[in-house]
Structures are given as structure tokens and as C-alpha cells.
1. Among the residues in region 115-124, are any among the charged types (D, E, K, R), within 22 Å of Ile412 (Cβ to Cβ) and outside any loop (DSSP other than H, G, I, E, B)?
2. Out of curiosity, is Ser281 among the hydroxyl-bearing types (Ser, Thr, Tyr), closer than 22 Å to His74 by Cβ and open to solvent by 10 Å² or more (accessible area, probe 1.4 Å)?
3. Out of region 248-293, which residues are more than 20 Å from the chain's Cα centre (by Cα) and in a helix (DSSP H, G or I)?
4. Residues of region 467-483 being among the charged types (D, E, K, R) and open to solvent by 60 Å² or more (accessible area, probe 1.4 Å), which ones?
5. Just to verify a result, which residue in region 176-213, among those that are among the hydrophobic types (A, V, I, L, M, F, W, C) and open to solvent by 40 Å² or more (accessible area, probe 1.4 Å), is farthest from Pro272 (Cα to Cα)?
6. Which of the residues spanning region 381-429 are among the polar types (S, T, N, Q) and either over 30 Å from Val36 (Cβ atoms) or open to solvent by 70 Å² or more (accessible area, probe 1.4 Å) (or both)?
7. Filter region 90-109 down to the residues that are over 30 Å from His154 (Cα atoms) and modelled with pLDDT of 95 or more, then identify the one that is surrounded by the most Cβ atoms within 10 Å (Cβ to Cβ).
8. Please state which one of Leu304, Leu349 is part of a loop (DSSP other than H, G, I, E, B) and either surrounded by 21 or more Cβ atoms within 10 Å (Cβ to Cβ) or among the β-branched types (Val, Ile, Thr) (or both).
Amino acid sequence: MSKLIRAACGLALMSTPVSAQQRRPAASAPPKIAEVEQGLTPAIVLAGTIAPRGTIAAEMSRLHVPGVSVAVLHGGTIEWSKGYGITRVGGPHVTPDTLFQAGSISKPITALAALRLVQQHRLTLDGDVNGQLKGWKLPIPANQHVTLRELLSHTAGTTVHGFPGYAAGLPVPSVDDVLAGRVPANTEPVVVDTPPGTAWRYSGGGYTVIQKLIGDVTGKPFAQVLRDEVLRPAGMTRSSFAQPLDAASLANAAWPHDGVGQAVPGGPHTYPELAAAGLWSTPGDLLRYAVAVRDSARGSPDALLDRSLATDMLTPGKGDYGLGVEVHGASADRDFSHGGSNEGYENFLVAYIGSGDGVAVMTNGAQGNELGLEITRSVAAAYGWPSYRSIERASVPIPTATRARLIGNYAIPGLGSFSIAEEGSGLALSLKEGVREPLYASAPDSYFILSTDIVLRVNGSESPVSGRLVTGPFDLPFAKEADAKP
């Protein structure tokens with residue numbers, strides 16, 4: 001699967017009837033569960049058409065996602081949680097307590113822990129991190145330095161976008177091995193190759209630097225610090241940074257599956273890059289994190305962070321990113337969010353500071369990102385959110401000559417590839433292996449699909465074709481491969 005799709009936003013399994021277990025406060029008003037389950041819509045709707053509506057069960061089948069777990073926050077309280085489908089063939093059904101790998105949602109949890117250490121004067125937001133790192137130091141060009149604030153906000157200029165993890169049976173490197181790009185690490189060394197503070201570029205490598213920094217200043221294992229500083233205080237009793245997960249917990253956890261629903265061989269990958277990708281959690285626990293952040297932003301008594309630090313965390317900077325979270329909207333009801341992708345897992349978390357509404361969705365299928373965002377839009381519609389709705393976009397015909405020019409394979413440096421092929425009288429885009437979607441034009445130089453809010457902006461008439469892929473805070477260059485075949 002393309003690393004691009006894992007970053008942004010088995011048929012045998014799908015033949016199993018979808019089952020569900022739910023939890024909600026018995027004394028509360030009936031939540032809008034059925035409305036959410038039956039109100040899934042695509043990211044983009046063609047202008048002049050009615051948005052098609054799907055169900056969670058049908059979309060799980062279409063996208064080959066064996067299991068999904070959902071928790072909804074309303075008015076600052078978790079209103080309901082519900083599990084659908086199965087953890088794996090022969091495994092238990094998904095429940096609200098089923099564990100999933102959270103992927104990059106590990107980053108906002110790590111950010112909260114780092115800010116807690118700033119609050120305790122054990123870390124500094126704006127000092128040179130190399131002054132507190134022990135042994136390994138972050139390679140930085142002369143006369144420059146990197147701060148914790150820059151690492152948290154993806155503006156430090158650090159390399160290594162993300163991590164593939166280590167399949168069962170493979171040797172697992174230490175965090176120092178990962179940072180140095182040393183065997184058995186499977187990624188490049190983490191270095192600074194862009195002037196710190198000048199640009200936003202997502203970097204799991206930067207969060208691995210934070211992992212080492214937290215361990216160095218506390219003298220304790222990272223997982224223990226995160227447990228003591230965030231997981232326990234926030235009430236995230238099901239969550240841990242155990243990599244790998246212990247056998248008893250793994251027996252009931254959701255196992256990862258590829259884009260056609262086949263189990264990932266050997267089960268969950270191991271991620272020693274704990275700060276970037278190592279969290280095991282549930283949607284309910286992720287919402288407990290969101291409540292802790294919201295309470296801090298509102299200056300609630302006994303909040304985990306001082307209000308001033310929470311304000312720093314939730315102030316959007318470059319790339320609409322704060323300190324550990326993506327941030328959108330006016331300050332009166334700003335929302336904060338993060339996605340998470342590990343091998344065979346796709347997840348999403350969003351919550352509003354003002355209204356206290358939010359949702360967390362965790363899936364064990366490689367196409368779960370699309371499902372998770374469909375569920376998020378359904379929750380948004382059911383609960384009257386001001387954002388996270390389908391976008392209407394007009395389309396124009398793609399001339400025959402343009403279609404022929406666009407057909408081929410394209411590379412996004414360091415992240416993966418995609419392809420454009422002829423399909424009927426139009427074009428189809430493949431961002432994921434085995435998945436093709438109709439490609440539409442909104443203008444002669446702009447193209448889109450319906451499942452995901454991405455825009456391909458093509459540069460003029462130059463050859464080979466090049467341009468930029470834009471989605472959320474990502475603005476990524478692409479170019480047609482010279483040996484591309486239609």
C-alpha cells in the first residue's frame with residue numbers, strides 16, 4: 001500500500017455478518033446511533049447531485065474492513081461507544097474495549113506528555129534540544145538549533161515521514177538505532193535538512209527525537225512516563241505503549257488487515273518508534289484524551305495542563321498544526337484532530353473545544369481511513385457540527401487530448417506513487433493497490449476524486465506531467481515517471 005495513503009487523511013471476513021456491541025449511559029437520552037449508522041456520505045459530492053448515503057455495515061463490506069469501533073463525545077461527555085464486525089477470522093467480535101493500534105494518534109498523546117514535562121520545568125519549549133539529549137545528538141547544520149516547539153509542530157526540518165514497523169519475527173531496533181538509521185532499523189537516519197522553523201513538513205522522525213528526549217530527561221522508559229503523565233491521569237485505562245503487546249491482550253485485540261481484507265501475515269507489526277506510532281488504545285480512551293485537552297484549554301480545575309500551555313497546543317501555526325494536533329476553526333469553537341495509520345490499521349480523532357462534541361473511529365483494515373471519515377461526516381450531520389461535512393464540487397469535461405497526456409504512473413518523492421488510467425470514456429485514479437476511482441476535473445489544471453478530499457494540480461502543458469497533490473496540510477510535489485505505461 002502507498003505510504004501516501006497511509007499518511008493523509010478478505011472476502012472470507014466480509015462474508016461474516018456484522019455484529020455490534022455497544023455501551024452508553026443508561027440514564028441518558030437515546031443517542032443518535034441509528035442515524036449515524038445509516039448516514040455515511042462521501043467526502044465529495046458532484047454539484048447538482050444528491051449525496052449518496054451508505055451504512056456502516058455496507059461500507060465495511062465495500063472497503064474490506066473487518067472491524068470498526070466508534071465512540072461519540074457530546075457536550076464533553078462520551079455519549080455512546082459501539083463496536084462492529086470482528087477482530088479477525090475466528091477471533092472475537094469488536095467491542096468498545098477492543099484494542100487497536102492507534103498509529104500516529106500516538107503523537108498528540110506524546111505532545112501532551114511533553115507539555116506536562118514543560119509545565120514541570122523538566123523540558124523547555126524553546127531551548128536547543130541537543131542540550132538535553134544524551135549520547136545521540138540530532139544532526140543539525142552549523143549555527144542552527146532545533147526546539148521542542150518545532151518538533152511538536154513539524155517545523156523542525158527533520159526527516160523521515162513515517163515508519164513501516166517490523167513484522168512478526170523480525171529483529172526490532174532500539175530508539176537509538178532508529179534515530180541513527182542503523183541496522184536493524186528499516187528507515188533512514190533522522191537528520192535536519194531544512195532550516196528549522198521555516199516550513200511545515202510532517203515528520204515521524206521528529207517525534208522519535210521527542211521520544212528519546214523524554215527518556216533522557218526523566219531517566220525512565222518512555223512507556224512508563226506516558227502512563228504516569230497522560231494515560232492514568234486522563235483515565236485511559238485500556239491504553240498503553242506496549243510494543244509488542246502482551247499475549248493475553250493480543251488475543252482479544254483487533255488484528256490488522258490489508259486493503260482486500262486479508263490478515264497481515266504474522267499479525268500486528270511492532271513499532272519501537274513509540275512516540276510516533278506505538279500506542280494501543282480504544283476510541284473511548286482517545287476521547288478521554290480529548291476531554292483532558294479540552295478541560296485544559298478551558299482552564300478547568302485539576303486540568304492536566306495550565307491554560308497557557310493548552311493555548312499554545314491549540315493555536316494553529318504552519319500547516320494548520322498546533323503542538324501535536326491539527327487545529328481548525330475560530331477560537332470560539334476550534335476543533336483539534338489527528339489521524340493514525342499503522343500497517344493494517346486506520347483511525348481518526350476529532351473534538352471541539354467549545355461544544356465538547358467529538359468522535360473517535362478505529363479500524364483494522366487498510367481502507368479504514370475512508371470508512372472512518374465517512375463515519376465522522378455522519379456524526380457531524382447527526383449532531384449538527386459546523387464542519388466535517390461533504391463538500392460539493394463542480395466538474396467539467398476532460399478533453400480527449402488531456403486524458404491521453406495524463407495517463408501514466410506518478411511518483412511523490414519519499415512517499416509513494418499513484419497512477420491514472422483510462423476507464424470507459426474517462427479516467428480513473430489509483431491511490432491504493434487494487435482500488436480505482438473515477439477522476440473528475442474542476443478546471444483544466446485541477447482534478448479530484450469523490451472518496452477523499454484531495455486535489456491534483458497539474459503544471460501547465462510541460463512534459464513530463466508534474467504538479468502538486470493537495471490534501472489538508474499536505475502540499476506534495478508529484479511527477480510522471482519517464483517509463484510510465486498506459
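The values are calculated or read from the model by the stated rules, or taken from the named source; none is laboratory data. Here the structure is a predicted model, which means the values were calculated and not measured. Positions of Cβ are generated from backbone atoms using ideal geometry, with glycine treated the same way; all protein chains shown enter the neighbour counts. For accessibility, only protein heavy atoms count, side chains too; no ligands or nucleic acids. Shrake-Rupley method; radii C 1.70, N 1.55, O 1.52, S 1.80 Å.
1. no
2. no
3. Ala248, Ser249, Leu250, Ala251, Asn252
4. Of everything in region 467-483, those that are among the charged types (D, E, K, R) and open to solvent by 60 Å² or more (accessible area, probe 1.4 Å) turn out to be Arg468, Asp475, Glu481, Asp483.
5. Filtering first and then ranking leaves Ala199.
6. Thr400, Thr402, Asn409, Ser417, Ser419, Ser425
7. Among them, the one singled out is Val94.
8. Result of the check over Leu304, Leu349: Leu304.
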